[in-house]
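Structure record follows, encoded as structure tokens.
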Amino acid sequence: MGPMKWVLGAICLCVPMFVMAQNTITGVVKDKAFDEPLPGASVVIKGTATGTTTDFDGNYEIQAALGDILLFSYVGFKSIEIEVDGTAIDVALEEDTAQLDEVVLIGYGSTTKKDATGAVIGVTEEELNKGFIASPQDLLIGKAAGVNITTSGGAPGSGSEIRIRGGASLDASNAPLIIIDDVPLDNSNNPGSRNVFDFINPADISSFTVLKDASATAIYGSRASNGVIIITTKKGVSGDLKFNFGTSASVSSVKEDLDVLSAGQFRDIIQQRYPNRVSELGNASTDWQDEIFKSAVGTDTNFSVRGGIWGIPFRASVGHTEQDGILRTEALQRTTASVNLSPKLFDDKLRIQINARGSYSENNFADTNAIFNAIQFDPTRPVFDAALPGGFFDYYEPNGTPTANTVANPLALLLLRENRSNVRRLVANAKFDYQFHFFPDITATLNLGIDKSNADGVDNQPETLSTQRITQGLFSNYGQDEENKLLDFYLKYTKELEKWNTRFDLTAGYSYQNFFDNQFTSSVRGDGIGGTTIDDIILESNLQSYFGRANLILADKYLFTFTYRRDGSSRFGGDNRWGNFPAAAFAWNVSDENFLKDSKSISNLKLRLGWGVTGQQDVIQGNDTQPYLPQFAPSLNGASVQFGQDANGNPIFVSSLRAQPFDANIKWEETTTYNIGLDFGLFDNVLSGAVELYYRETEDLLSTVNIPIGSNLSNRLPTNIGSLTNQGVEVTLNAKILDREDLTWDLGFNYAYNENTVDQLFLTDNAGGAGIPVAGTLLVGFGGDDGAQYHIIDEPTRSYLVYVQAYNSDGLPIPGTVVDLNGDGFINSLDRRPFQQAAPLVNLGLNSRVNWKNWDMSFSMRASLGNYNYNGIEVQNGTFANVDIGQDLRNVTSATVINGFDDYIDEVTFSDFFVQDASFLRLDNINLGYTFGNVFNDSSRLRVFSTLQNVLVVTDYEGLDPEVPNGIDRNIFPRPFITQLGLSLDF
Amino acid sequence: MRSKHHFMIILAFLSILVFYGCTDDLDAIDTNNLNSENVFEDEESYIQFLAKLYAGLDQTGQQAPIGQPDLIGFTEGSSSYIRLWWALNEFPADELKWRFNDPGLRAIVFQSWTSGNDFFSVIYSRIFFQISQTNEFLRQTAPEVLDGRGVSENLRSQIDIYRAEARFLRAMAYYHTLELFGGNVPFVTEEDSPGAFFPEQTTGAQLFAYVESELLEIEGQLVAVGQHEYGRVDKGAAWTLLAKLYLNAEVFIGEGRYGDCITYCNEVLNAGYVLEPQYADLFKADNNRSNEIIFPVTFDGVNSRSFGVMYSLINGTLDSNIIQSDPEAFGTNTGGFAALTAKETFVDLFEFMGDDPFNDSPDVRASFFFKDGHSVDIPSEPIGSSFQEGFGYTKFRNIKRDGTPGQSSDFPDVDFPLFRLADVHLMYAEAFLRGGGGSESEALDLINDLRERAYGDTSGNVATLDLDFIIDERGRELGWEGHRRMDLVRFGRFTGGDYLWDWKGGAQNGTSISGHLRIFPLPSSDISVNPNLTQNPGY
């Protein structure tokens, strides 16, 4: 502290002083949000060159006359002007989120918002979703234009489907590349873990940066086609130790049940329609959904400390989350810990960032088949029957064997099956930035990272379960070991040529990543038949890259960026091993031109043009890490063949070896993106935002397509075939509707329109109108290739291919009757036509934050338009055929009685009646908080808050929840309504 | 300042390490998995690869009973080769009823199928899976490839036999396309390396000639009858397939080859096969002991588990009533899934006391009917009808001759008798009647061998033969074994209106159906991706 004051004194001496009724003004400049001093803030008398900066404790001292105006400013904060009317002026500066000096992450470096050329969105901590959030990606839902996140259901900590601009791929992964603190994550989901990100404590996250267009993402080359999300965690700061303790409790409850027939209604239906089966009815009256769902509680506790120890800024945190699902036995317990150290050495020439975060989670997975079984289990049957195995009612023959082709008791599935896992994960990196002492224009960066995880789990289905009666139980163990290593090394040269009014920087580097994943399962039947089946898979791949970037800034107004990446992947062979990914961008800070410089209304205007080529290399099929080589798959236990017998007449078995389909010329997908963006700020950035227009074309799609039969070793082959385009518009608007001392209101709005079209799918050009069925979209029946969704040329991906339902004069569907569309007198598959799409056309987000004195209030809502669901629940359970499809009697939905569908024929299951508009408006969360200052001392604050989540859904959709991954509505874990109460204490 | 230099040295060192140390990792072959670069280092791999060609007849993936499927996009359990081949030869015919509404099944049962029917895309993909795997096997065992790998003398001595067996299995797969699709299918051999190209379409006549030449060529390389391991192809299997090819030549290529049929029937008849003394033992868990079976598709409740043809033929014919009627008789306690019952036309083939099907029959082959609570006819539309409509028929049972059950209560040990001697007896007689030569007394003896086994004495023997008797006797002897549709086609009874059975053409009492239905359409899924293909006439 001493030397600092000395330096400040020296600076003061240099400042020319005009002595004119001068007073000595003193005060402290603080950060309004954290109530912490801001060292180095500038204090200047307006209209003069007279000024000073604050010391380490935020103190300043300046000579000024009464009536002078003091201008307080600090990078990243809004400046304040205050008239001198005394001798002590304390100021609290507020962070300026719209600041043009805001740092923007761009991959292997950063730039400022003003100098950025790509389509990049940053979402800071205070803009993120509030509430009881166990999965980091839930923080970002509805916050960024063009980023659509659909949770896979209401299970605690469940994963999500993240789509940036609609997804550039068809069958290959459409998930963006996720980078946490400079470590790119392997996107594959792991057995035993719920979610790729569940090792990150959401409370540790300080911001998300989304790179959307190719000029921003191309530096990540072969993995960048679906966009990049960079997660930045909270870092250490120097100064006194600051602590934060936060805890909250939540109650999750079932929002709505699926409407199925009650016991009484079901009895009536059986009497009417199946009189010869009345004797099979039970005497109970059971609401099966009531039996399997419950209200669930959760707690979340975090503790963090940050500050300097021995001069090293650090932050450490621990967190513990416990959350039960609303489906019985579903539970998540997770403990996380993280450490960040940010030392600076050698006169700050060497800056080091060390991040390590670990998590340990214990999961209990409920058998989600119970949800589906609860919908259809005979409501006249009791839950329990003490005389039967396990004490639950199930269908058994008189000899004690389970009756084949019956639905299993859903509660028994939940309570008797034990499926739990323990997952440990560590992600750590150390990054060294070294500014050359003898050549300060050059910085060298070395980044070493590791991502290690280990999981083990058991899945025990005892013989008391009717489904495992014959096997006498099925007992499995599973596990996983993953280790991904990373090394990045790059040099950056920065130079300013004042003579030419030009700045430029050059970055060039190398990256090495190795991915190792071992997945193991073993299972054994209780009767020992077949012995122990072991499946042990190792996936290993290697990715090495050279990359470079040049930024050229002319006159602070004309910005040029060129990037180039060359990726080599072990997944591809020969000439396809290395791929090149160039990009270029130009931006023009229009508002810096003379004709706008002094504009009162336009405070910022920037035009951006970008072009780039990116890739997608996610081709792993099963354990096929080198798909260009002929691969062989050995058979497991029980899949052998008898070749003769031994001397005693006992058969001899030979295990088998299958040649796998392969494409010697397989390579990455290539996506070319064109982007036009306009950033603007109006009325001193009271209203700011961006408009983006893009066109993105993917060629050589990695898809698993029907190949001409006979041309390869199976009926489908993962290969490069076909192309698709995405084009759209995105609008982001941020408004500071109110900005007063004790009342602020920020409103954020985003809009995204995306149109997706499949251009080609086959080797032939003349297969127009043809499509390929999307796997997993056939819900009824147990054979066949067909499904409700198809990828069809000239249509969006995942279009529905369905019949036109015929209706009677009352507007009710005529069951089994569809329109003979081509008029050939027959109803066959040629009468099915493409109809609507699963993905939304439009996504809208609206976020509001109000601070009034010590109160804060926020809400977040979003809408999705043009997305249609295939209501699989109604297809399967809304048809009378379901009642007697098996040897038991099965319940149907209440709608069945109205619609009258009675058979599982294609004219019913593929009727457009079941393709329903699932556009929706969802109020995701409402949050209210109150902050008490000075709880035990000046710098302690206590915030208490309450959040309501999943408050309201407005939709015409007839199913339980319109938001369904990929539009296939079946067996979804219902999203609960969550009420949360919590407190956060800073001290 | 010294430490600064140290840091620079470390940086420099690391960059060298990076640039020169790791690029090899990219070129490393992934040794964790089996690929063409490493799998054949173990010579066991050759016989394991051959085993896959046999496994392809009933299994559907590399995991039992399902898992790691061979074909993508189908429900794996119902994509078994012989199960589907069996289904397409039985479901549209007059022997049995399957009552569940699998996708596409209604059209199969009512002979109203179109090219989009799932059954066709699955069996077609399955047959070509078998062909492609065989082609790869032949490529990987080509002499010059083996030279390059320097394989042992021991393997050298066996490999020609392996290759001949593989070519038999491929010839049989192409033979099945003659039966099902008229042979107008894509044609690929080991000359066509895997890729994504458009295979050329062949014709029935070309394919007939190819299958014939392949079988004649490998006949000499195959192991002699009785000398080979059980479950593997020997000369007997090749002769039987040749006999079948020639018997059906008039259907396939419009040219009778009955003399050639007699020739190869004689080869089989003189090879030492013996009719199983007890008919019922042919379909039991230890039928691998039978000397009548020429080529089986093997199943094992422990080591070869699949949802293949034996799984559905045993569990599908049972319900709890049948099992409770004689709990030890079926060797399964799964409760059955009650799918298959007999059509009246099948019951009517047999002789019953007093001409009443509810009475006993002197023919042991009619002893498998289950009649309690069942009707003999099928008054309701078959799909979705009650299991009690139509007699039960439980010829296949997962018990051994000594009455003890098979190893597993859900997956049977019973092998499927794809080729057996009784069929050759019937083929000889039929080829004789169709003018192929041979002797009438020989034909009569061969038929009466079967009759004596069925009746237990000579009371059922016949003195004269005609074709109408032959097709009925084929129904009685080979009932539910997957022969029926081809038999009806060969006798001109499948299409047209001369011969009807319940629900033929979708009408309760049966109705005439168009002649183009004699062969199935090529699946539309392949027509749309292979411009070289022309659809079968009428579709």
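Here are a few things to note about the model shown:
- Computed [θ] at 222 nm, helices only, for chain A once each DSSP H run of length n ≥ 4 contributes -39500 (n - 2.57): -1500 deg cm²/dmol
- Here B:V233, A:V953 are placed in order of increasing Cβ neighbour count within 10 Å, fewest first, which gives A:V953, B:V233.
- Mean projected area of the convex hull spanned by the Cα atoms of the range B:255-380, taken over all viewing directions: 11.7 nm².
- Cα gyration tensor shape of the range A:284-433, rounded if a/c is under 1.5, else prolate or oblate by comparing a/b with b/c: prolate
- Only aspartates and glutamates eight or more places from A:K255 in sequence, or on another chain, were considered; those with a Cα closer than 13 Å are A:D290, A:D961.
- Sum of -39500 (n - 2.57) over DSSP H runs of 4+, divided by residues of chain B (222 nm, nearest 500): -13000 deg cm²/dmol
- Nearest-0.05 FRET efficiency for A:A430 and A:A65, computed from C-beta distance (R0 60 Å): 0.70
- Exposure proxy ranking for A:D257, A:D240, A:D367, based on other Cβ atoms within 10 angstrom of each Cβ and starting from the fewest, stands as A:D240, A:D257, A:D367.
- When chain A is described by a simple charge dipole with +1 on each Lys and Arg Cβ and -1 on each Asp and Glu Cβ, the residue from A:F384, A:N828, A:F293 located farthest towards its positive end is A:F293.
- If only the Cβ of Lys and Arg carry +1 and only the Cβ of Asp and Glu carry -1, the dipole of the protein assembly as shown around its Cα centre is close to 4540 debye.
- The range B:74-129 pair-distance distribution - Cα-Cα, 10 Å bins, rounded %: 24, 60, 16
- Each residue of the range B:47-57 is assigned a 3J(HN,Hα), and the resulting list reads 6, 5, 5, 4, 4, 5, 5, 6, 4, x, 6 Hz, derived from the Karplus form 6.51 cos²θ - 1.76 cosθ + 1.60 (θ = phi - 60°), x at Gly and Pro.
- Inter-site label distance for A:S79 and A:Q271 at 7 Å from Cα along Cβ, in nm: 8.4
- The range A:192-314, dipole about Cα centre (Lys/Arg Cβ +1, Asp/Glu Cβ -1), debye to the nearest 20: 580
- Distance between modelled label sites at B:T534 and A:T112, nm, 7 Å Cα→Cβ extension: 7.4
- Charge dipole (chain B, unit charges on Cβ, about Cα centre) - positive-most of B:L155, B:V211, B:P103: B:P103
- Normalised Debye scattering of the range B:176-308 at q = 0.10, 0.11, 0.15 Å⁻¹ gives log10 I(q)/I(0) of -0.44, -0.53, -0.92, counting only Cα atoms as equal scatterers and leaving out solvent.
- Spacing of the modelled spin labels on A:I602 and B:S459, each 7 Å from Cα toward Cβ, amounts to 10.9 nm.
- Taking every lysine pair in the range A:65-179 that is 8 or more places apart or spans two chains, those with Cα atoms closer than 19 Å amount to 4.
- Ellipsoid equivalent to chain A - semi-axes via the Cα gyration tensor, in Å: 55, 33, 29
- Note on B:M353, B:M310: ascending count of other Cβ atoms within 10 Å places them as B:M353, B:M310, the fewest first.
- Alpha carbon centroid spacing (whole Å) that separates the range B:348-386 from the range A:659-736: 62
- Derived scalar couplings ³J(HN,Hα) [the range B:105-111; Karplus, 6.51 cos²θ - 1.76 cosθ + 1.60; whole Hz; x for Gly, Pro]: 5, 4, 5, 5, 5, 9, 6
- Solvent-free Debye scattering, log10 I(q)/I(0), computed from the Cα coordinates of the range A:397-437 at q = 0.17, 0.23, 0.27, 0.29 Å⁻¹: -0.77, -0.96, -1.04, -1.07
- Where only C-alpha atoms are counted, convex hull volume of the range A:78-236 per residue in Å³: 149
- Set of lysines near B:K97 by C-alpha distance (under 17 Å), chain-local residues within fewer than 8 positions excluded: B:K343, B:K371, B:K395, B:K504
- Note on the range B:429-539: Kirkwood hydrodynamic radius from all Cα pairs is 16.8 Å, rounded to one decimal.
- Among the chymotrypsin sites (Phe, Trp or Tyr not before Pro) within the range A:308-363, those in coil by DSSP and having at most 10 neighbouring Cβ atoms inside 10 Å are A:W310.
- Here A:K212 is the anchor, and the aspartates and glutamates within straight C-alpha reach of less than 12 Å, apart from those fewer than 8 places off in the same chain, are A:E692, A:E730.
- Signed unit charges on C-beta, dipole axis of the protein assembly as shown, positive-most listed residue A:S946, A:N429, A:I352: A:I352
- Rounded to whole Å, the principal axis extents of the Cα atoms in the range A:472-558 read 85, 21, 12, largest first.
No value in this document is a laboratory result; all are computed from the given coordinates. Computed from a predicted model, the values in this text were never measured in an experiment. Counting neighbours? That spans all protein chains shown, and the Cβs are built from the backbone with ideal geometry, glycine included.
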